[in-house]
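Student: Below are the structure tokens for one structure; questions will follow.
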Amino acid sequence: MSAASGVYRIAELATLALQWQEDLQYLVLAAEPESIAQVEQWRLKGLRNIAPVNAVGLEEGDVVACDVERGKVTVLFRESDVHHSLFLTNRCNSYCLMCSQPPTRQDDSWLVDQAIAVVRHVRVAPAVVGISGGEPLLAATGLNRLLATINDFWPGTDVEVLTNGRLLNDGRIKEELFSPPPLNVRWLVPLYGHADFLHDFVVQSAGAFDQTLDGLLTLQAMRQPIQLRIVLIEPVIEVLDELCRFIGQNLPFVECVALMACEPTGFALANRDLCELDLWDAGPILERASRVLDRYQVRHVFMNAPLCALPPRLWTRATRSISDWKNTYADACTTCSVKDRCCGLFAWHENWKPTKLKPIEEATE
Ligand code: SF4
């Protein structure tokens, strides 16, 4: 490969001329010797920001990271996907029992520049993009730069920042992120208990509950939209009623509460005794939680929860939330009448399934 390591947009030979820009880098799909020779010839004539590539699975418009040393091309943004996210850091200040992406300590500040390069290289701006980690606020300056780049390149895109919120009340970070407050950002903040020892146990960090509440109040003061996220693991299910009442009484300003089935990977596997549960068995608790939130007029949705795992009364609140690249269906789903509106399963559902799958013969909700 004649490319250097870095971020590239994938282009077809036939459309390269239409989309070429001097300040971007392109890998041009070229499998045949003639196509490769054509790209190399253009390079020799001065188009130094293009190189041929012949790799299975790449599509025009994808944005990739090219690692020349390892001879590896990794897709960072797939244009044809519905769900898109930008990864800012793998460092975190919490250590959640069910973390799907266990944190690391190394300096990974290069990820900020990579995320910014991805935004610059994307051909069609997405309707929504998530920013995740790790904890993105540990890279607050980088987050600010990334938000500014998104504003410049994708002015119509809604941004969702997944954060534990613990640093939002920090003076420097507040100044950095909210002067002025962004207009297109929604904050996705997990909350796992209505008392400090409950939440702090789940996130394995003393003091986290108070810090997260401070963060939520900061977001409220800045008039920022908030989605609270509750991952449904045993210690949370045990207090779900009280947690929902706490939210209704103390955090009525949140825009939405997302009740989410646990992703069976990462730390969830190491803490399986606390994280694995059959959602169907928890159905009465979920219905009660939904009634409590309804009573306080708090909008709520269920995420990562297949329809056959939920009581039919809750189906209208279920969303197809699992990101394209993580999403699959089991053989049992083939005959299911509600497959087209069911979120299905995580690709790694063989670790455990959210319930024993029961294909629905006819919708009954
Ligand atoms: S059988 Fe499959 S498609 Fe049908 S509700 Fe269950 S998980 Fe969804």
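FYI, it's all coordinate maths here, none of it is from the lab. Note that the coordinates shown come from a computational prediction; the quantities given were computed from them, not determined experimentally. Because the Cβ atoms are built from the backbone with ideal geometry, glycine has one as well, and the counts that use them run over all protein chains shown.
Student: Tell me, what is a quarter of the convex hull surface for the C-alpha atoms of the chain, in nm² with one decimal? Write out the running numbers ahead of the final one.
Tutor: On the way: hull surface 79.8 nm².
Mean orientational projected area (the chain, Cα hull): 19.9 nm².
Student: Related question: At 222 nm, what value in deg cm²/dmol follows for the chain if DSSP H runs of at least 4 each add -39500 (n - 2.57) and the sum is divided by all its residues, to the nearest 500?
Tutor: Computed mean residue ellipticity for the chain: -8500 deg cm²/dmol.
Student: Straight-line reach from LYS339: which aspartates and glutamates fall under 13 Å, measuring Cα to Cα and dropping same-chain residues less than 8 apart?
Tutor: ASP331, GLU361, GLU362
Student: How far, in degrees from 0 to 90, does helix 140-153 lean away from the longest principal axis of the Cα atoms of the chain, to the nearest 10?
Tutor: Between helix and principal axis, roughly 60 degrees.
Student: Another question, if that's okay. What are the ³J(HN,Hα) couplings of segment 81-95, residue after residue, when phi is run through the Karplus curve with 6.51, -1.76, 1.60 and θ = phi - 60°? Round to Hz, x for glycine and proline.
Tutor: 3J(HN,Hα) across segment 81-95, in whole Hz: 6, 8, 9, 10, 9, 10, 9, 9, 6, 9, 7, 8, 9, 10, 8.
Student: Label 7 Å along Cα→Cβ of ALA125; segment 137-155 residues with amide nitrogen under 20 Å?
Tutor: 143-155
Student: Continuing with this model, one more query. Taking the Cα atoms only, what angle lies between the long axis of helix 33-44 and the longest principal axis of the chain, rounded to 10 degrees?
Tutor: Tilt relative to the chain: about 80 degrees.
Student: Ok, one more. Excluding GLU234 itself, what net charge comes from residues whose Cβ is under 13 Å from its Cβ, given Lys and Arg +1 and Asp and Glu -1?
Tutor: Numbers: positive: ARG272; negative: GLU238, ASP273, GLU276, ASP278, ASP281.
Combined, the nearby Lys, Arg, Asp and Glu give -4.
Student: For the chain, take the longest principal axis of its alpha carbons; what is the angle in degrees between that and the long axis of helix 208-221, to the nearest 10 within 0 to 90?
Tutor: Helix 208-221 sits roughly 70 degrees off the main axis of the chain.
Student: Please report, in Å, the Rg and the Dmax of segment 133-228, where both are computed over Cα atoms only.
Tutor: For segment 133-228, the Cα-based Rg and Dmax read 13.4, 43 Å.
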